[in-house]
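Please treat every number below as a calculation from the coordinates, not as lab data. All of these numbers come straight from a predicted model, not from anything done at the bench. Reconstructed Cβ throughout: ideal geometry from the backbone, glycine too, with neighbour counts over all protein chains shown.
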Amino acid sequence: MKEKSAPPELVFEVLGRMQDAGVLEHVVLVGSWVMHFYRAGVAGFGSLGPVRSTDMDLMIPTPPRFVKTVSLVELVKDLGFIVQRSRSGFMKLIHSEMDMDFLVPERGRGSDEPYRVEGLGITAQPIRYADLLIENAIRVKDGGLAVRVPEPARFGLHKLIISQRRRGMDKAAKDLRQAIEVLSVLSKQPAWGRAKDLCGAMPKGWRALARKALEGSDSPDLLRSLFAR
Amino acid sequence: MRIRANPVRGVLREELANAIRKLASFERASRAQPRGSLVEKRIRGRSFFYLAYREGGKVRFEYKGKLKPEEVARFQEAKKLRARYRGILADLRHQIAYLKKALHERKVGAA
């Protein structure tokens with residue numbers, strides 16, 4: 001079955017409005033749409049496959065550093081987005097063709113209460129392993145946008161870890177596929193040493209999850225190279 | 001014989017549940033918008049407004065009188081949003097119909 005995808009023009013319109021409002025530089029795009037920006041703006045990643053996702057995930061580093069306050073809901077309302085709240089109080093903006101999810105790094109176990117981001121007028125969901133993902137985020141330019149995305153090595157390692165924590169088999173498989181795709185490209189570049197250093201510096205439990213993910217895949221070369229002593 | 005869960009069906013079911021949830025949210029959002037369109041009438045150089053809407057198959061005109069520009073803008077914005085939501089609701093209904101069709105189970109024992 002072909003996976004659905006949000007129309008790129010809608011994704012770009014939303015990000016463009018955030019850029020014009022001066023808030024895009026204070027968030028990090030995470031999730032599958034990152035692959036689009038790697039392909040478009042990071043050397044060596046032109047061979048990545050097209051993005052297939054109806055979700056756009058935005059991570060807000062905490063504490064948020066917005067210079068001005070913008071209502072994200074108002075910013076995209078005329079495009080047809082409306083607010084949907086989960087029972088736990090998390091908020092997302094939904095549309096027939098895409099959803100926007102808002103995330104923040106979890107600060108300690110159990111701090112999973114909705115996090116109010118005044119600068120955007122939203123509540124975000126705390127998630128684990130987020131610091132690994134957003135530290136040293138890079139800025140990628142494409143189509144008039146300058147979008148902050150995770151370093152490819154961090155993105156790949158993070159996807160390996162969360163592929164082992166997913167409840168849904170299909171999402172886990174998608175995470176693993178994307179991790180392998182990004183890490184395979186990276187393994188042919190000088191930056192691979194950085195990926196190995198990052199992997200080596202991860203907590204033991206995280207390394208075990210990443211290793212387990214690769215052991216269950218058909219990428220023995222990546223497994224050997226990443227976990228070589 | 002034990003039937004193994006089909007992961008594709010799982011994805012489709014999840015998508016269907018999501019589309020149904022979205023449809024309910026957009027129906028609520030659409031109902032929350034003020035109904036009708038503003039009709040402007042100029043009498044001796046002054047603008048007066050009526051709110052035109054359908055009720056029981058008839059078009060009704062509700063007198064609104066003079067309105068401030070921001071009130072006029074609010075009605076115009078609501079009209080645009082209702083049109084946007086109509087398109088989105090149509091998309092969602094289409095998605096739901098497609099997913100239901102894709103999930104339709106073959107009858108056991110059918111040739």
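Things worth noting here:
- Highest-fluctuation residue, A:46, A:144, A:16 considered, GNM on chain A with Cα pairs under 10 Å: A:144
- Candidates A:159, A:68, A:196, ranked by Gaussian network fluctuation over chain A, Cα under 10 Å, top entry: A:68
- Proximal lysine pairs, chain B, alpha carbons under 16 Å, eight or more residues apart or interchain: 4
- Exposure proxy order (Cβ contacts within 10 Å, fewest to most) of A:219, B:47: B:47, A:219
- Ranking of A:90, A:37, A:227 by neighbouring Cβ atoms within 10 Å, starting from the fewest: A:227, A:90, A:37.
- When chain A is treated as a Gaussian network with alpha carbon springs shorter than 10 Å, the biggest mean-square fluctuation among A:211, A:139, A:167 belongs to A:167.
- Packing-based ranking, highest mean first, of B:25-36, B:54-65, A:117-128 given that Cβ atoms within 10 Å are counted: A:117-128, B:25-36, B:54-65
- Virtual spin-label span in nm between residue A:201 and residue B:21, 7 Å along Cα→Cβ: 3.7
- Axis of helix A:192-201 versus longest Cα principal axis of chain A: the two differ by about 90°, to the nearest ten degrees.
- Spacing of the two label points (7 Å from each Cα toward its C-beta) at residue B:59 and residue A:83, in nm: 3.6
- Only helical runs count toward this figure. For the protein assembly as shown, summing -39,500 (n - 2.57) over DSSP H runs of n ≥ 4 and dividing by all residues gives -14500 deg cm²/dmol at 222 nm.
- For the protein assembly as shown, the residue among A:183, A:228, B:53 whose Cα projects farthest onto the positive side of the dipole built from Cβ charges is B:53.
- For chain A: relative contact order, % (alpha-carbon pairs under 8 angstrom, 6 or more apart): 17
- Relative to the longest principal axis of the Cα atoms of chain A, helix A:169-186 runs at roughly 70 degrees.
- With Cα atoms, 0 to 90° folded angle of helix B:69-103 axis to chain B main axis: 20
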